[in-house]
Amino acid sequence: MTTTLQRMRTAKEPTETRISPQMKRFMIGSIVTLFASLMLIGYLSPLGYMAVTSLKDIDRISDPNAPVLPSIPETFEFEGKEVPVLQVPIDGEVRGLALIRPGRQSSVFVDPANLEAGEIEWEGAWRQLESNYTVSPLWENYEIAWNTLDLTRILLNTFAIAAIGVVGTLASSIAVAYGFSRFRFPFKKVLFIILISTIVLPRFVTLVPTFAFFSWIGWNGTWLPILIPHFFANAYNIFLLRQFFLTVPRALDEAALIDGAGPVRTLWSVILPNAKPAIVAVSLFHFFFAWNDFFEPLIYLASEPDLQPISVAMQQFNALYAQQPHLIQATALLGMIVPVLLFFAAQKVFLQGASLAGVNK
């Protein structure tokens with residue numbers, strides 16, 4: 001009797017649904033992928049809006065009824081003249097019809113896809129009808145922006161400033177970082193602490209005295225105030241390179257010393273080949289900084305338009321063409337091409353340097 005009751009209770013109890021570990025991993029992975037995709041879409045949406053706006057004309061940007069994609073109102077050639085194609089509601093559906101004879105109470109349309117159907121008379125105010133748009137990106141916006149801004153000269157100026165600054169930053173930062181990572185000298189720790197403490201010093205604190213000094217020696221209006229300070233190293237870059245140099249085993253230095261290599265040869269043949277990720281990271285950090293730097297070039301090159309980099313030139317371009325956002329967006333995208341291509345070209349090495357990955361030996 002007891003066994004029969006137990007069986008009846010077991011039969012009444014609902015069976016539990018068990019999820020396999022593979023299904024759990026699939027669900028977790030799907031949720032994470034969905035969340036990452038939504039974050040990526042939200043992050044890239046301003047860039048997408050910029051690209052779409054750069055391919056529109058000024059009338060479509062100001063038209064609230066215009067589609068999101070770059071489009072123009074569709075027209076149709078009828079009896080030697082261009083007539084607009086409007087979205088006309090007829091028989092419970094909206095059709096794209098060409099307006100050939102507009103009127104106050106009724107208008108006459110034709111179907112561009114079926115002219116044999118003849119004229120179609122429609123009762124209503126045709127001015128309240130929406131235009132029929134067709135996708136047509138205006139690539140000439142980029143040509144206009146390029147020629148108006150003289151972007152060839154500006155890009156060459158910016159690239160020259162950034163490249164020379166990278167050379168100066170690497171030369172000075174590598175030398176100082178090598179000294180702090182491999183040599184012993186008095187007050188080494190104190191000097192390193194003082195150096196690192198300069199990271200918290202805002203640039204605006206030194207702006208007035210450096211401007212007064214560069215003006216006094218006659219460097220105002222040239223690239224020298226922008227380039228020369230980078231040949232005196234930077235605390236952040238020194239710290240990053242020093243920490244990476246410390247990961248290189250000293251046994252390699254001793255082996256080079258046994259082979260007769262001096263400090264400079266050891267740096268060139270041992271330290272630098274093993275520190276490529278950090279060197280690439282410092283190079284890209286400074287290149288992006290110099291490419292986007294605005295304040296100092298504005299101060300020293302405001303009176304020299306032929307020497308200005310892209311940051312200052314684009315700001316002046318935006319002020320002159322504030323009523324033409326399509327040209328402004330096109331110029332901004334053109335200015336982003338070089339940094340984006342450079343980042344993707346060195347992405348693998350850059351990420352290794354940014355994470356300060358060690359050298360496996």
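The values are calculated or read from the model by the stated rules, or taken from the named source; none is laboratory data. If you're wondering where the values come from, they're calculated on a predicted model, not measured in any experiment. Positions of Cβ are backbone-derived with ideal geometry, glycine not excepted, and every protein chain shown enters the neighbour counts. These accessible areas exclude ligands, DNA and RNA; they are computed on the full protein's heavy atoms, side chains included. Shrake-Rupley method; radii C 1.70, N 1.55, O 1.52, S 1.80 Å.
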>> Nearest 500 deg cm²/dmol is fine: what mean residue ellipticity at 222 nm does the chain get from its DSSP H runs of n ≥ 4 alone, each adding -39,500 (n - 2.57), divided by its residue count?
In response: -18000 deg cm²/dmol
> Of Lys24/Lys348; Lys56/Lys81; Lys189/Lys276, which pairs sit farther than 28 Å apart, going by alpha carbon to alpha carbon?
Replying inline: Lys24/Lys348
> Would you list Phe245, Phe288, Phe187 from the most to the least accessible area, probe 1.4 Å?
Replying inline: Phe187, Phe288, Phe245
>> Can you give the FRET efficiency to the nearest 0.05 for Lys81 and Met336, using r as the Cβ-Cβ distance and R₀ = 51 Å?
In response: 0.75
> Using unit Cβ charges (K, R positive; D, E negative) and no other charged atoms, how large, in debye to the nearest 20, is the dipole of the chain about its Cα centre?
Replying inline: 3060
>> Among [x] 27.4; [y] 22.3; [z] 20.6, only one was calculated for this model; which label is it, if the read-out is Kirkwood radius over Cα pairs in Å?
In response: [x]
> Cα convex hull of segment 205-331: mean projected area in nm², to one decimal?
Replying inline: 11.3
> Given a Förster radius of 22 Å and the C-beta distance between Phe213 and Phe294 as r, what FRET efficiency does 1/(1 + (r/R0)^6) yield to the nearest 0.05?
Replying inline: 0.55
> Which one of Ile61, Pro225, Gln308 has its Cα pushed farthest toward the positive end of the charge dipole of the chain, where Lys and Arg give +1 and Asp and Glu give -1 at the Cβ?
Replying inline: Pro225
>> Starting from the 7 Å offset along Cα-to-Cβ, what nm value, one decimal, do you get for the label separation of Leu47 and Glu140?
In response: 2.9
> Which Cα, out of Leu138, Gly124, Thr152, lies furthest along the positive dipole direction of segment 120-164 (beta carbon charges, K/R +1, D/E -1)?
Replying inline: Thr152
> Tell me, what % of the accessible area of segment 210-302 is carbon and sulfur with a 1.4 angstrom probe?
Replying inline: 69
> Between the helical axis of 140-149 and the dominant principal axis of the chain, each derived from Cα atoms, what acute angle in degrees is found, rounded to the nearest 10?
Replying inline: 40
> Comparing Leu170, Leu149, Leu320, which has the greatest mean-square fluctuation in the GNM of the chain with Cα pairs linked when under 10 Å apart?
Replying inline: Leu320
>> Ignoring ligands, DNA and RNA, please state the percent of accessible area on segment 89-173 from carbon and sulfur, probe 1.4 Å.
In response: 53
>> Could you identify which residue out of Asn65, Asn132, Asn274 has the top mean-square fluctuation in a GNM of the chain using Cα springs shorter than 10 Å?
In response: Asn65
>> Using a probe radius of 1.4 Å on heavy atoms only, what accessible surface per residue do you get for the chain? Whole Å² is fine.
In response: 64
> Pulled fully out, how much extra length does the chain show between Phe35 and Ser106, if you take 0.36 nm times their separation in residues and subtract their Cα-Cα distance?
Replying inline: 20.3 nm
>> Spelling out what I want: for every residue of segment 319-327, take phi, set θ = phi - 60°, compute 6.51 cos²θ - 1.76 cosθ + 1.60 (Karplus), and round to whole Hz; glycine and proline get x.
In response: 5, 7, 10, 5, 8, 10, x, 5, 6
>> Along the Cα→Cβ direction, 7 angstrom out, place labels at Thr148 and Ala319. What is the inter-label distance in nm?
In response: 1.6
>> Give me a comma-separated list of calculated 3J(HN,Hα) values for segment 217-233, in order, Karplus coefficients 6.51, -1.76, 1.60 applied at θ = phi - 60°, integers in Hz, x for any Gly or Pro.
In response: 8, x, 8, 5, x, 10, 7, 4, x, 8, 8, 4, x, 6, 7, 10, 6
> What ³J(HN,Hα) values, in whole Hz, does the Karplus curve 6.51 cos²θ - 1.76 cosθ + 1.60 give for segment 279-288 when θ = phi - 60°, with x put for Gly and Pro?
Replying inline: 5, 5, 4, 5, 4, 5, 4, 6, 4, 5
>> List residues of segment 153-171, by number, whose backbone nitrogen lies under 20 Å from a label position 7 Å along Cα→C-beta of Thr222.
In response: 157-169
> Counting only the backbone N, which residues of segment 126-165 are under 18 Å from the spot 7 Å out from the Cα of Ile58 toward its beta-carbon?
Replying inline: 138-149
